[in-house]
Each structure stands twice: as C-alpha cells, then as structure tokens.
Amino acid sequence: MRTTHAESILLLSKERPYFRVSDAEQAGAPRVALTRLVRGGQIERVSRGLYRDANAPMSEHEELLKVAVQMRKGVFCLFSALRFFHIETHLERGIWLAVPPQYKPPKITPSKLYYARLSGAAFSSGIETHVVNGLQIRVYGVAKTVADCFRFHRRIGFQVALNALRQAWISNRLDIEELLHYAKILQVEEVLHPYLASLIWHKRTESP
C-alpha cells in the first residue's frame with residue numbers, strides 16, 4: 001500500500017524529536033501536508049521551518065534541542081553547559097553557544113541566544129557529544145566549561161565561575177589535570193590556580 005504524505009511526515013516525527021521542512025520534502029511530502037497536520041493538531045510548529053510531534057513528551061533540554069537542530073556548528077557552553085550537567089541549575093540566562101570568530105550564525109529561536117567567540121583549540125577542544133531524545137547535542141565537558149567560565153568571567157560574573165568550580169569539585173566531576181589543560185589553552189591559569197589550590201588544600205586538611 002502506498003504511503004501518504006501525512007503518513008510519511010508522522011513517521012518522520014516519531015523518528016526525530018525535531019525536523020525541518022527540508023526533511024519532510026526529502027521524505028517526499030510537500031509543505032502543504034505539514035500545514036494540514038499542524039491545523040489538525042498532530043504536528044506542532046516550533047519555529048520557522050521547524051516542527052515536532054505535538055504529542056511527544058517534552059525533554060528537560062527542550063530549548064537546547066531546538067537550537068541544536070537549527071545550528072549544528074555551535075557548541076553549547078557556559079550557562080547552557082552548566083545547566084546540562086546540573087551545575088548552577090538555578091541560573092536561567094538564555095542559551096549560550098560557542099562559535100568561531102568569523103562565523104555568522106543564522107537567525108534562530110529562542111531570542112535569548114548568546115554567543116561566545118572562540119578560535120583554534122579554545123573552540124575545538126573539550127567537545128562532548130550527547131544523545132538526547134535521539135538527537136545529538138554538542139556541549140563542552142565539565143572541565144572545559146569551568147575553564148570557560150574563568151575565561152569569560154567579566155561577561156558572566158566572577159562569582160559564577162567560582163561557584164562552577166566549587167560545585168564541580170564537590171560533586172567529584174572535575175578532573176584536575178583536564179581542568180589545567182583547558183586553563184592553559186584558554187590562558188586563565190593564573191586566575192584559576194589560587195582558587196583551585198584552595199579547594200585542594202581544604203580537602204587535604206579535612207582528610208583524617
């Protein structure tokens with residue numbers, strides 16, 4: 001039996017948390033079929049050219065998924081990375097993406113989207129790929145994120161950098177050698193070292 005345009009789109013929506021108009025067209029379905037499904041309440045238009053299954057459960061990383069589909073060259077960093085790893089989770093300061101210096105990001109949603117310009121190893125190192133609801137998300141790991149916080153402390157606040165370091169340390173998710181490696185790349189060794197040394201000293205004095 002021949003698959004209808006609507007069936008092709010609904011199948012696509014089950015396979016991917018988000019999909020574009022171009023994905024539907026590749027599946028052989030015209031735009032008018034998307035419009036009909038949106039009016040029927042089966043498909044939800046998330047933003048311009050971006051759709052999802054209206055009945056699919058929402059992810060805790062919903063905003064990150066939306067952005068990841070629309071711009072695959074960026075890497076989630078700073079506040080977005082902290083929230084992804086449940087560090088400084090009470091902070092709600094938009095979506096943060098690291099991009100190369102000369103890169104011109106497309107206009108995408110959400111509106112509260114902020115960019116951190118990084119180049120060379122400062123941009124390319126420390127990237128982790130996580131799969132959320134079947135979609136790949138690129139985000140800097142914990143150690144790189146902490147180092148980034150010190151790199152951009154004038155922009156995000158020095159207390160945020162200190163809290164990120166402290167919480168990552170307390171939760172035993174911080175590899176010291178890895179942190180120092182990224183601190184060297186980002187040229188924040190001198191700024192970071194006293195606070196890291198203090199944490200290490202307190203841990204040693206508290207040990208029996």
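In summary, the range 62-206 shows an alpha-carbon radius of gyration equal to 1.03 times the 2.2 N^0.38 Å reference for compact globular proteins.
Listed by Cβ neighbour count within 10 Å, with the fewest neighbours leading, ARG31, ARG45 appear as ARG31, ARG45.
Taken one residue at a time, the phi angles of the range 136-152 give Karplus couplings (6.51, -1.76, 1.60, θ = phi - 60°) of 7, 10, 9, 9, 6, x, 4, 4, 5, 5, 4, 4, 4, 4, 6, 5, 9 Hz. Gly and Pro are set to x. Starting from the Cα gyration tensor of the range 5-53, take the square roots of the eigenvalues, sort them a ≥ b ≥ c, and report rounded, prolate or oblate (rounded when a/c is under 1.5, otherwise prolate if a/b is larger than b/c, else oblate). Rounded, since a/c falls under 1.5. Normalised by the number of residues in the chain, the mean separation of alpha-carbon contacts (under 8 Å, six or more apart) gives a relative contact order of 15 percent.
With both labels modelled 7 Å from their Cα along Cα-to-Cβ, the THR4 to ASN172 distance reads 5.6 nm.
Taking a straight Cα-Cα cut-off under 12 Å and skipping sequence neighbours fewer than 8 places away in the same chain, the aspartates and glutamates within cross-link reach of LYS14 are ASP53. Projecting the Cα atoms of LEU186, LEU165, GLN102 onto the charge dipole of the range 62-206, computed from C-beta unit charges around the Cα centre, puts GLN102 farthest toward the positive end.
Between the helical axis of 5-15 and the longest alpha-carbon principal axis of the chain there is an angle of about 20 degrees.
Restricting to the chain, compute how many DSSP beta bridges are antiparallel as a %, nearest 5. So the antiparallel bridges amount to about 70 percent of the total.
With an a/c value of 1.5 or above and a/b larger than b/c for the gyration tensor axes a ≥ b ≥ c computed over the alpha-carbon atoms, the range 1-112 is described as prolate. Exposure proxy ranking for MET58, MET71, based on other Cβ atoms within 10 angstrom of each Cβ and starting from the fewest, stands as MET58, MET71. Using only side-chain charges placed at the Cβ, +1 for Lys and Arg and -1 for Asp and Glu, the dipole size of the chain relative to its Cα centre rounds to 800 debye. Using a Cα-Cα cut-off of under 24 Å, which lysines could be cross-linked to LYS104, ignoring same-chain neighbours fewer than 8 residues away? Those lysines meeting the cut-off are LYS66, LYS73, LYS112, LYS144.
Readers should treat all values here as calculations from the given coordinates under stated rules, not as data from a laboratory. Nothing here was measured: the structure is a model prediction, and the numbers come from that model. Counting neighbours? That spans all protein chains shown, and the Cβs are built from the backbone with ideal geometry, glycine included.
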